[in-house]
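The values are calculated or read from the model by the stated rules, or taken from the named source; none is laboratory data. Keep in mind that this is a model prediction, so the values were computed, not measured. Reconstructed Cβ throughout: ideal geometry from the backbone, glycine too, with neighbour counts over all protein chains shown.
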Amino acid sequence: MSVRAFSLFFALLTVGADAFVLLALVLAVASRFSERPAAALRWIRDIVGGSSLVLAWIVALVATLGSLYYSEVAHFPPCKLCWYQRIAMYPLAVILGIAALRSDHGIRRYVLPVVAIGAAISIYHYQLERFPAQASLACSVEVPCTTVWVWQFHYISIPFMALSAFALIATLLLLGPLPEEDLLEAEAEGTEKEVSR
């Protein structure tokens, strides 16, 4: 597969990921005001539900393999910000895989902060690509952070792909079932409210 075909494939995955994240976000906000979006969100939760860890693991694994393809096969040298994003993404491919095997939904407490850090770095890197005149301490002359190796659909670059992967992982984890201890806590709060009435 050529680098161009591979980049188009990953750009299409990115568009799909962004569409799913945006849909979930719109439904989550709209469900505060109406029952119909809340029902649609519950329907998506029912579909994703128990598979959320496996799906999040697949996203992390594909993102990891994609970044390795770009550096090792396409020979795009990763800049420092790319490495920071990799530092956030690569462990997720292992951690989420283990959590999926164990059905450990409590892992999201530990994974979501890493996802948020990776997403923040991706946002910074993406805006640095768009506005390269800025000074950045993370960039080097040999491998500048402003080099755009991939540009699909007039907005998708490698940092944007990483951002979409982080956002999709977070969305899938939040759509999954609550960990057992959170369920017990929610039930206890519900019981306390009923008793106080």
Check your understanding: Among the residues of segment 90-102, is any in contact (Cβ under 8 Å) with a residue 60 or more places away in the chain, touching a helix residue (DSSP H, G or I) at 6+ places or on another chain (Cβ under 9 Å) and in a helix (DSSP H, G or I)?
Key -> yes
Review point. For segment 180-193, does any single residue satisfy the condition of being surrounded by 15 or more Cβ atoms within 10 Å (Cβ to Cβ) and modelled with pLDDT under 90?
Key: no
Review point. Can you name the residue in segment 115-135 that is part of a helix (DSSP H, G or I) and either without any contact (Cβ under 8 Å) to a residue 12 or more places away in the chain or over 30 Å from His154 (Cβ atoms) (or both) and, of all such residues, is farthest from the chain's Cα centre (by Cα)?
Key: Arg130
Study note, to complete from the structure: Given (1) hydrophobic (A, V, I, L, M, F, W, C); (2) at pLDDT 95 or above; (3) farther than 28 Å from Ala5 by Cα, Leu65 misses just (3)
Practice item. Please determine, by comparing only the residues of segment 1-28 that are among the polar types (S, T, N, Q) and more than 19 Å from Ala56 (Cα to Cα), which one is farthest from the chain's Cα centre (by Cα). Key: Ser2
